[in-house]
Amino acid sequence: MSPKTIITGIGHFLPPKVVTNFDLEKKMNTSDEWIRQRSGIKERHYVEPGVGSSDLGYEAALRAIEDAKIDKSEIDFIIAATLSPDHYFPGIGVLVQAKLGLSGIGALDVRNQCTGFIYALSAADQYIRNQTYKKILLVAAEVQTSNLDYSDEGRDMAVLFGDGAAAVILEPNEKNDNRGILSTHLFSDGNYASDLWMEKPSPKDNPTFSKELLDTGRFFPKMDGRNVFKNASIKMPEVVQIALKHNNITIEDVDHLIPHQANDRISLMVAKILRIPVEKVIRNIDRIGNTTAASIPIALDESLKKGRIKEGDIVVLTAFGSGYTWGSAVIRF
Ligand code: ACO
């Protein structure tokens, strides 16, 4: 059997500027109490103008490379997950590659929003196990706060999101000691695309960009909050159960669950449905907000660096988001 894929290095980067709920109160008609009650968020990080997701991803990549104790020239493939690329095209994979000075190697961009890290992890796992690549850099990075609607109409979304990035280095486990990625499961249902999307700009409009477009506000992300809450609370437990069954383990065998940090109320609902003690659920949304594709690897890095996740622990990742897309990964550390 081919060796499993292991994470040999991990790092994250948050832009230094912290925006609290009280800061948002000054910007729009909201309150610290409303935001904390509905989402569990107290503060999040914002980039300064001029900083893109490739910049945050690059910083995270440097930290992951250092953590893996490799030379960056050993990286033979890049996968980048984001819903907020610096440009309409190209994606940020090549931009991170250029910043690292790694011209020539392949760079794949993954567009699966909140489930982006799990989709990218699954792709990396296949490449490593079939021996296509030996050292993959996976970057998940988001800059969302520059395109949120801070008016009353968009405040349901605007209070949730923050900026940030994380990166991992993935390699084959040459020791073959049973550590590594045990499974990934991916799902989607495009019938619900408009429940959570940024509709415009769209090449379906001809011309794509017009003065009228600016008046519509349809270039801001929009969400049907109730539907997202309902589906996220159903699909994440469901895909965790599928993963447990696949690995022939029970929820009692799981040491840590890292749900996508969408909203703390969703994370607590997922924990309740799965009947996993809340102490086993890793939650950092109070300080970081929702960083979409970056949320799971940021939480993972924090937990590893704090020593909360130890060698041998079984960690289950699960995410749900725009698409709809959802998925899970089981990793033995
Ligand atoms: N501050 C103050 N009031 C607000 C804010 C805000 N930031 N946002 C919305 N409101 C108002 C609405 O305008 C509405 O006012 P109205 O009643 O006068 O019309 C009211 O609050 C709605 O509040 P609720 O009664 O709590 O409404 P509901 O039960 O529908 O909950 C909510 C809305 C909180 C968005 C809920 O649907 C939810 O938590 N959904 C989860 C969505 C989520 O967190 N997604 C994460 C991002 S997506 C992802 O990562 C997967």
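When segment 282-310 is limited to residues that are more than 11 Å from Asp255 (Cβ to Cβ) and not in a helix (DSSP H, G or I), the one that is nearest to the chain's Cα centre (by Cα) turns out to be Thr291.
Would you point out the residue of segment 1-43, among those that are among the aliphatic types (A, V, I, L, M) and assigned to a loop (DSSP other than H, G, I, E, B), that is nearest to the chain's Cα centre (by Cα)? Step by step, filter segment 1-43, then rank; the result is Leu14. Listed by first and then second residue, the pairs with beta-carbon distance under 7 Å, at least 6 apart or on different chains, first residue in segment 227-244 and within 14 Å of the ligand (Cβ to nearest atom), second assigned to a helix (DSSP H, G or I) and among the polar types (S, T, N, Q), form an empty list. Residue-level check: of (1) crowded, with 16+ Cβ neighbours inside 10 Å; (2) part of a helix (DSSP H, G or I), Ser73 misses just (1).
Out of Glu59, Glu48, Glu66, one residue alone is in a helix (DSSP H, G or I), free of Cβ contacts under 8 Å to residues at least 60 places away in the same chain and not hydrophobic (A, V, I, L, M, F, W, C). It is Glu66.
Of the residues making up segment 200-215, not a single one is surrounded by fewer than 15 Cβ atoms within 10 Å (Cβ to Cβ), over 25 Å from Ser267 (Cβ atoms), assigned by TED's automatic domain parsing to the domain that holds Thr318 and within 16 Å of the ligand (Cβ to nearest atom). Evaluated against (1) away from the ligand (no atom under 15 Å from the Cβ); (2) in contact with a Pro (Cβ under 9 Å, 6 or more places away or on another chain), Met269 falls short on exactly one condition, (1). When Met157 is tested against (1) in contact with a strand residue (DSSP E or B) (Cβ under 8 Å, 6 or more places away or on another chain); (2) of a type outside the set (D, E, K, R); (3) within 13 Å of the ligand (Cβ to nearest atom); (4) farther than 22 Å from Gln261 by Cβ, just one condition goes unmet, and that condition is (4). Do the conditions hold for Ile266, that is, is it of a type in the set (Val, Ile, Thr), over 16 Å from Phe161 (Cα atoms) and either at pLDDT 95 or above or not in a strand (DSSP E or B) (or both)? It is false that Ile266 is of a type in the set (Val, Ile, Thr), over 16 Å from Phe161 (Cα atoms) and either at pLDDT 95 or above or not in a strand (DSSP E or B) (or both).
Residue-wise test of (1) among the acidic types (Asp, Glu); (2) crowded, with 22+ Cβ neighbours inside 10 Å; (3) closer than 22 Å to Asp149 by Cα; (4) outside the structural domain of Gly11 (by TED's automatic domain parsing).
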site: Arg226; (1), (2), (3), (4): no, no, yes, yes
site: Met236; (1), (2), (3), (4): no, yes, no, yes
site: Leu244; (1), (2), (3), (4): no, no, no, yes
site: Ile251; (1), (2), (3), (4): no, no, no, yes
site: Pro277; (1), (2), (3), (4): no, no, no, yes
site: Ile285; (1), (2), (3), (4): no, yes, yes, yes
site: Ser303; (1), (2), (3), (4): no, no, no, yes
site: Leu317; (1), (2), (3), (4): no, yes, no, yes
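For segment 300-318, the criterion of being within 11 Å of the ligand (Cβ to nearest atom), modelled with pLDDT of 95 or more and of a type in the set (A, V, I, L, M, F, W, C) is met by no residue.
The values are calculated or read from the model by the stated rules, or taken from the named source; none is laboratory data. Values in this document were obtained by computation on a predicted structure and should not be read as measured data. Virtual Cβ from ideal backbone geometry, glycine too; neighbours counted across all protein chains shown.
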